[in-house]
Amino acid sequence: GHIAFNIRGSDHFSSTRLTPTNYETQAAAAGDLGGIELARKTLVVTTGLRTIAFNRNVVAIIAAAGEAKARVVADTIQETTNNLYPGSVLHGLPNARFYLTQGACAQLQERVYETFAKQPPSSVQINRAIIDLSLKLKIKIKDLSEQQLQSDRFTCHVLHHLEPGVSVSELLESVESQLMKKIEKSMVHMHTTSNQSPPTSFMHTAPHHDDIMLGYLPYVVHLVRPNYNKHTFNYMTSGFNSVTNSYTAELIRDVKTNIHKFSHLFSRGYFDADNTGDYHRDVYRTLDGFAARDKEIQREGISRRMIRNIVRIFGDHTEKQIIHRCDEMLSYIGSRYPGQKDLPEYQRFKGMIREMEGDLKWATYGFNEHVNHLRLSFYKGDYFTEVPSDRDVDPILKIVKDTKPDVVTVAFDPEGSGPDTHYKVMQAICQALRRYKAESQVDTVKVWGYRNVWYRFHPAEADLMVPVSLNSLAILDDTFNNCFGSQRSASFPAPEFDGPFSRLASRIQAEQLQMLKICLGDDYFEKSPLHLLKRTHGLVFLRVMTMDEFFTAARELEAAVGPPTL
């Protein structure tokens, strides 16, 4: 919640100065500065808090959009004036004004309660109020007393609207039971056999190549085990923005180092642009290197794919041509500053690096031929990303028609809660499903919304809560670090955690389990007759929607960013 570059802990009497920043601010500014690599070593000049607040009659205007800003906005407005919240210096300015979207207001308690109290609470609102009280008091839901419910204004409002004949204990039992059912329902998919139900067709979608694994890989590990289920993994953008120049240069230098080993491959047309038969051998070679813990084999496999990409993009064919091209590419990369928009051919090359990472991940589970890279055209690397159009919706619709999915998974993030691409991809998928429903008269598709490191579901919002074992967490971390070389040290990290995304995803899943342990009690997991629950050390939250519910939710997320409120 920095104001200008006055970071958390800045003195409220500070003046204009040259200053270092903390990781939180560096990560938040990485997108503007060309990546965390540059942000970490950049000093900034900032107007001091004392300078900003010196004239008490100044008109200070703060604008915030999206639910991702809700916590910072709430801390700035609701906390007492202190150094932990630089924005709290504005408390002393009578003319300070915040212009906020509905999403950014989401944690302003007075506004939240004002909206909550206007009408009888919905089922989700009832569950949220009781879960929040349980977490606040650190008391199991079933052990909450009527007095405790009455002392909290949100749960008090719930009690005032209890249906006739429903007791407090029945209310608490209902909320507790719903949480348990969300966990139990997720386990049905883990144990289903071909004799129990018809095959399920899953269309997994993601804005970027690591989104699915960071969102719900522990569930995918179980879902892909039955051979009769169908899965396709569909990546909407190439994600070239997140591949650094330094990592690209490293791979190109590896090509120059390894190319002499591939003379026999050149002679038999292994790298020819129209040779699709050998395309996946690059992946298998790399995975062999992972299995053997042999860095040389890993680099050899990746170098094969980089050569193949150079052939496809630039049309070079011989070893000599490719070595010359590598020198040219290294010269180009060396002339670019971090964050500078690349030429289209280099965007494509960086995007194909990420596409191989996705191929590596799913080949681990035997799905090397079920991965689609759509490269939606709205994703161009511009500072302001354009809104998806029909040309982006059409390829998604084609896959829906071809696969006829029973379940479509979607990164269900509101705008402003992480990469803007997440929100725009969700709206493109929403439009594709609308057209599919209208054209095919099919309305039975279920939409599973997932979130990963950028935003989280409240337990009351989730419909499936997937138990995650230590083994699954280890798979998540190992797969991420093996397959996603470009993201081991991400250029655009999450401000809340300085480390690999896989570790943050694991931490989030562990925190979600702790929330449920407070609500349900440790014994629900630790003394369960089910081994799957006994070995649970994390939870994945998913939201399940019908097509119409998804269309409505997408509109609501769009409205949450909508016109600002004073």
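The values are calculated or read from the model by the stated rules, or taken from the named source; none is laboratory data. Everything numeric here is computed off the predicted structure, so don't read it as measured data. With ideal geometry, Cβ positions are generated from the backbone for all residues, glycine too; neighbour counts draw on all protein chains shown. Just the protein is used for accessible areas: all its heavy atoms, side chains included, with ligands, DNA and RNA removed. Shrake-Rupley method; radii C 1.70, N 1.55, O 1.52, S 1.80 Å.
Extending 7 Å from Cα along the Cβ direction at Leu532 and again at His160 yields two label points whose distance is 4.2 nm.
Ranked by the mean number of other Cβ atoms within 10 Å of their residues, highest first, the peptides 67-74, 463-470 fall in the order 463-470, 67-74. The share of accessible area on the chain that comes from carbon and sulfur is 51 percent, using a 1.4 angstrom probe. Label-to-label distance, Thr19 versus Glu439, with points set 7 angstrom from Cα along the beta-carbon direction: 5.5 nm. Residues of the range 50-77 with an amide N closer than 19 Å to a point placed 7 Å from the Cα of Asn95 along the Cα-to-Cβ direction: 50-63. Take each peptide in 533-544, 223-234, count the other Cβ atoms within 10 Å of every residue, and average; sorted highest first, the result is 533-544, 223-234. Of the chymotrypsin sites (Phe, Trp or Tyr not before Pro) found in the range 341-429, the ones in coil according to DSSP and having at most 13 other Cβ atoms within 10 Å of their Cβ are Tyr383, Phe384. With a Förster radius of 41 Å applied to the C-beta separation of Gln150 and Arg71, the computed FRET efficiency comes to 0.90. Pairs Lys69/Lys517; Lys142/Lys527; Lys350/Lys401; Lys142/Lys446: which exceed 26 Å Cα-Cα? Exceeds cut-off: Lys69/Lys517; Lys350/Lys401; Lys142/Lys446. The Asn368 and Asn471 beta-carbon pair, evaluated with R₀ = 30 Å, returns a calculated FRET efficiency of approximately 0.80.
Taking the alpha carbon gyration tensor of the range 246-389, what are the square roots of 5 times its eigenvalues, largest first, to the nearest whole Å?
25, 20, 15
Once you order the gyration tensor axes a ≥ b ≥ c over the Cα atoms, which shape class does the range 408-515 get: rounded for a/c under 1.5, otherwise prolate or oblate by comparing a/b with b/c? Here the range 408-515 falls in the prolate category. In terms of modelled amide H atoms, which long-range or inter-chain residues lie less than 5 Å from the amide H of Asn234? Amide H neighbours of Asn234: His204, Thr205, Ala206, Asn372.
Taking mean projected area of the Cα convex hull in nm² as calculated from this structure, the corresponding entry among (i) 29.2; (ii) 24.9; (iii) 37.8 is (i).
With a simple spin-label model that places each label point 7 Å from the Cα along the Cα-to-Cβ direction, the separation between Asp274 and Val124 comes to 5.3 nm. Applying 0.36 nm per residue to the separation of Asn55 and Glu549 and subtracting their alpha-carbon distance, the gain on full extension is 172.8 nm. For the peptides 170-181, 142-153, the ranking by mean Cβ contacts within 10 Å, running from highest to lowest, is 170-181, 142-153.
Summarising the amide proton neighbourhood of Thr385: residues at separation of 5 or more, or on other chains, whose placed amide H is nearer than 5 Å comprise an empty set. This model, with +1 at the C-beta of Lys and Arg and -1 at the C-beta of Asp and Glu, gives the range 474-541 a dipole about its Cα centre of some 140 debye. Straight-distance candidates among the aspartates and glutamates for linking to Lys320, with alpha-carbon spacing under 16 Å and chain neighbours fewer than 8 residues away dropped: Asp254, Asp272, Glu328. Per residue, the solvent-accessible area of the chain (1.4 Å probe, heavy atoms of protein chains only, all protein chains present) comes to 45 Å². Rounded, prolate or oblate, given the Cα gyration tensor of the range 290-367, with a/c below 1.5 counting as rounded? Since a/c reaches 1.5 and a/b is larger than b/c, the shape of the range 290-367 is classed as prolate.
Just the number, please: percent antiparallel of the DSSP beta bridges in the chain, rounded to the nearest 5. The antiparallel proportion sits near 40 percent. When only Cα pairs below 8 angstrom with a gap of at least 6 residues are kept, the range 7-87 shows a relative contact order of 42 percent.
Between Ile323 and Thr42, 0.36 nm times their residue separation minus their Cα-Cα distance comes to what?
Length difference between fully extended and current span is 97.7 nm.
Remark on Val408: its backbone amide H falls under 5 Å from those of Met203, Lys446, Val447, Trp448, a criterion applied only to residues 5 or more positions apart or on other chains, H modelled at 1.01 Å from N. When the range 54-120 is described by a simple charge dipole with +1 on each Lys and Arg Cβ and -1 on each Asp and Glu Cβ, the residue from Val59, Tyr99, Thr76 located farthest towards its positive end is Val59.
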